[in-house]
Amino acid sequence: MSKLIQFIKNNPLVSGDNSLAQLFRTYVVGAINLSIGLFLNYLFQFFIFYNIEIPLRTYLTNIGSFSIGVVISYFLSRKIIFKLSSAKGNFIEFLNFTLTNLINLIFPLLIWYTINVYRPSVQENELQFLIATVLIHSSILPIKYIIYKFFVFKDSLES
């Protein structure tokens, strides 16, 4: 087991500082965020907001999981993707990160609105809801990485 851990730590995609390594780590952080987000989405959609009518329930679910997820994602992105100190970020950087992550809120809400118009049953079926959520969120990771690197964390990376 320790050889496997050592291999992973020494892998250039994990330890490197080039753009390819950072993009790879963006997907790792994206997978972590997606797992947390799916848990929160499931919790909100099928337990916390269960008594609220669809589509309002799905919109509230996305807003709730976004609000919690953006804070977690900020610290994971600083630490894992760009190897920056998670404690040394500043408010402006966090604000830019949050604004960038509105993509994670607005894009899914637009997709869910479209789904509600054409196939509202997807929001009621747990498996279909899970698959749709994974597809929606994984499709925007490369765009977010570029924005993070050249806009959000640019000053921290230069210093």
Test: T61 is in contact with a Phe, Trp or Tyr (Cβ under 6 Å, 6 or more places away or on another chain), polar (S, T, N, Q) and closer than 25 Å to I143 by Cβ: yes
Residue pairs qualifying under the 9 Å Cβ cut-off, at least six apart or on distinct chains, with the first in segment 96-125 being free of Cβ contacts under 8 Å to residues at least 24 places away in the same chain and the second being not hydrophobic (A, V, I, L, M, F, W, C), are I115/P55; I115/T58; I115/Q123; R119/Q128; S121/Q128; V122/N116; V122/Q128
The condition of being under 18 Å from I36 (Cα atoms) and either surrounded by 18 or more Cβ atoms within 10 Å (Cβ to Cβ) or touching a residue at least 12 places away in the same chain (Cβ under 8 Å) (or both) holds, among F129, F82, only for F129
- Message: I'd like to know if segment 89-105 contains one or more residues that are within 19 Å of Y27 (Cβ to Cβ), of a type in the set (A, V, I, L, M), surrounded by 13 or more Cβ atoms within 10 Å (Cβ to Cβ) and within 14 Å of the chain's Cα centre (by Cα).
- Response: yes
Of the listed residues (V122, V117, V70), the one being at pLDDT 85 or above and within 12 Å of the chain's Cα centre (by Cα) is V70
With the first residue restricted to segment 134-145 and required to be over 21 Å from F39 (Cα atoms), and the second required to be in a helix (DSSP H, G or I) and aromatic (F, W, Y), Cβ contacts under 8 Å at 6 or more apart or on different chains are none
Within segment 8-22, of all residues that are at pLDDT 85 or above and surrounded by 15 or more Cβ atoms within 10 Å (Cβ to Cβ), the one nearest to K149 (Cα to Cα) is Q22
Checking S85, S77 in turn, the sole residue that is hydroxyl-bearing (S, T, Y), on the phi < 0 side of the Ramachandran plot and not in a loop (DSSP other than H, G, I, E, B) turns out to be S77
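To keep it simple, each residue is scored yes or no on (1) farther than 23 Å from F107 by Cα; (2) within 19 Å of the chain's Cα centre (by Cα).
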{"residue": "K3", "(1), (2)": "yes, no"}
{"residue": "L13", "(1), (2)": "yes, no"}
{"residue": "N18", "(1), (2)": "yes, no"}
{"residue": "L23", "(1), (2)": "no, yes"}
{"residue": "L34", "(1), (2)": "no, yes"}
{"residue": "L38", "(1), (2)": "no, yes"}
{"residue": "F47", "(1), (2)": "yes, no"}
{"residue": "L56", "(1), (2)": "no, no"}
{"residue": "L60", "(1), (2)": "no, yes"}
Within segment 55-81, residues hydrophobic (A, V, I, L, M, F, W, C) and in contact with a Ser or Thr (Cβ under 7 Å, 6 or more places away or on another chain) come out as V70, F75, I81
* Answer with yes or no whether I5 is over 20 Å from F150 (Cβ atoms), among the β-branched types (V, I, T) and part of a helix (DSSP H, G or I). => yes
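The values are calculated or read from the model by the stated rules, or taken from the named source; none is laboratory data. The structure presented is a predicted model; accordingly, all values stated were derived computationally and were not measured. In this analysis, Cβ positions are derived from the backbone assuming ideal geometry, glycine residues included, and neighbour counts consider all displayed protein chains.
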